[in-house]
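A short worksheet on the structure shown next.
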Amino acid sequence: MRRSLLLCFVALAYGLLPAVAQSQADLPAACDLENRRPQRRFYQRGNAPDDHNHDDWPTSALSQQGIDPALVATGLARLADSPTRLSLILLRNGHIVYEQYFNGSHVADSNNIASVSKSILSALVGIAFEQGHFQTLDDRVADYLPEYFAEPADPRLLDLRLRHLLTMTHGLAWRENESERALNRSADWVADILSLPFSNEPGARFHYSTGASHVMSAVLTEATGMSACEFAHRYLLEPLGIDAEFWGVDPKGYFTGGHSVSMTARELARFGQLFLQEGRWQGEQLLPGWWVVASTSPQVDIANDYAGYGYYWWLNRIAGHDMYSALGAAGQILHVIPDLELVLVTTHRFSGNPRDYAEEAETYQFLWNDLIPAIAIG
């Protein structure tokens with residue numbers, strides 16, 4: 001981080017970069033490490049009320065956007081009958097056509113979106129590419145985090161590339177949940193993640209790892225000279241009218257790359273709509289369109305019921321329509337179906353089994369059996 005910051009200061013001195021540094025007083029509360037100590041728990045569940053006014057969202061009746069209300073009524077009632085569901089938002093053609101909150105939740109509640117955070121990180125990487133902080137997807141991770149690669153236990157670590165982190169083909173023997181719990185005892189998460197043995201060659205196969213996305217956050221920080229939280233708010237979240245009320249951070253000050261970001265359901269819907277609009281928002285190109293296409297296209301075969309995996313996006317095909325999704329533990333879900341101009345968001349309370357995928361299956365059933373037929377007939 002010190003190396004990247006020094007380069008930025010030199011560039012600023014010679015007028016090579018715009019002045020983007022923020023004082024601590026200007027930082028969003030979630031990013032202000034001066035008044036907040038890094039935490040030891042790998043997975044953090046910070047929630048807080050959101051004081052933003054999002055009443056400028058356009059709303060519309062289901063029927064006005066080509067959805068037959070009678071045909072979706074049963075499916076909506078089925079989704080509402082969940083003891084853990086907190087929110088359900090449906091967008092069509094950029095309009096909110098359905099929005100409900102459940103089990104004591106409210107529009108202003110900011111919730112932990114869990115691994116949906118990875119898709120936020122993907123967007124940040126795309127912005128960093130557009131700004132020239134990265135050269136290619138084959139950039140070596142070691143070039144951005146040299147202190148972690150000075151004496152690699154395995155020479156294969158030196159061949160770890162950005163694309164390996166983004167496509168979960170890193171090759172490290174990460175065990176979701178088990179490895180996360182081990183990091184709660186760690187003073188340096190990045191070092192411990194990179195010290196894992198290799199289970200296969202980098203690039204050889206898909207291996208889902210929240211650890212890999214955390215390393216990607218550290219790489220982004222060193223490449224840009226800004227924390228992932230600061231970079232996100234300046235170039236992505238603030239232009240979208242989003243304020244992440246909480247963002248996890250490790251003992252070294254790296255903000256979590258794959259979990260523990262909190263935002264409201266409406267804010268999550270805005271993020272989905274941004275991708276549906278290929279990175280454009282209110283006349284401004286916030287994300288490069290090429291990155292939206294690349295990150296939501298198959299980059300690796302994951303050998304299961306999914307159609308593939310992009311750059312921190314899950315890909316699927318449902319009722320004849322391509323769909324990409326950001327998915328988080330316990331039912332934090334964002335689905336985007338581009339050709340139908342659809343965005344679906346649902347969030348859930350964390351229950352005793354955070355790896356229960358029933359909520360995800362329920363949304364697929366709703367889309368397949370209720371919503372898409374209602375659009376075809378409506």
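The values are calculated or read from the model by the stated rules, or taken from the named source; none is laboratory data. None of the values given here were measured: they were computed from a predicted structure. Cβ coordinates were reconstructed from backbone atoms using ideal geometry, including for glycine residues, and neighbour counts include every protein chain displayed. In case anyone asks, the SASA skips ligands and DNA or RNA and just uses the protein heavy atoms, side chains included. Shrake-Rupley method; radii C 1.70, N 1.55, O 1.52, S 1.80 Å.
Structure summary
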item: Mean residue ellipticity (222 nm) of the chain, computed from DSSP H runs ≥ 4 via -39,500 (n - 2.57), nearest 500; result: -8000 deg cm²/dmol
item: Trypsin sites (Lys or Arg not before Pro) lying in DSSP loop within the stretch 99-192, provided at most 10 other Cβ fall within 10 Å; result: R185
item: Per residue, in Å², the accessible surface of the chain once ligands and nucleic acids are set aside, probe 1.4 Å; result: 41 Å²
item: Accessible-area composition of the stretch 103-170, carbon plus sulfur, in percent [1.4 Å probe]; result: 47 percent
item: Leading residue at positive end of dipole, the chain (Cβ point charges), from Y312, T210, I242; result: T210
item: Within the accessible area of the stretch 247-360 (1.4 Å probe), percent carbon and sulfur; result: 47 percent
item: DSSP loop chymotrypsin sites (Phe, Trp or Tyr not before Pro) with at most 13 other Cβ within 10 Å: longest gap in the chain; result: 15-356
item: Listed residues L76, A303, A232: farthest to the positive end of the dipole of the chain (Cβ charges); result: A303
item: Rounded to the nearest 20 debye, dipole of the stretch 104-196 from Cβ charges on Lys, Arg, Asp, Glu; result: 220 debye
item: About the Cα centre, charge dipole magnitude for the chain (Lys/Arg +1, Asp/Glu -1 at Cβ), debye; result: 600 debye
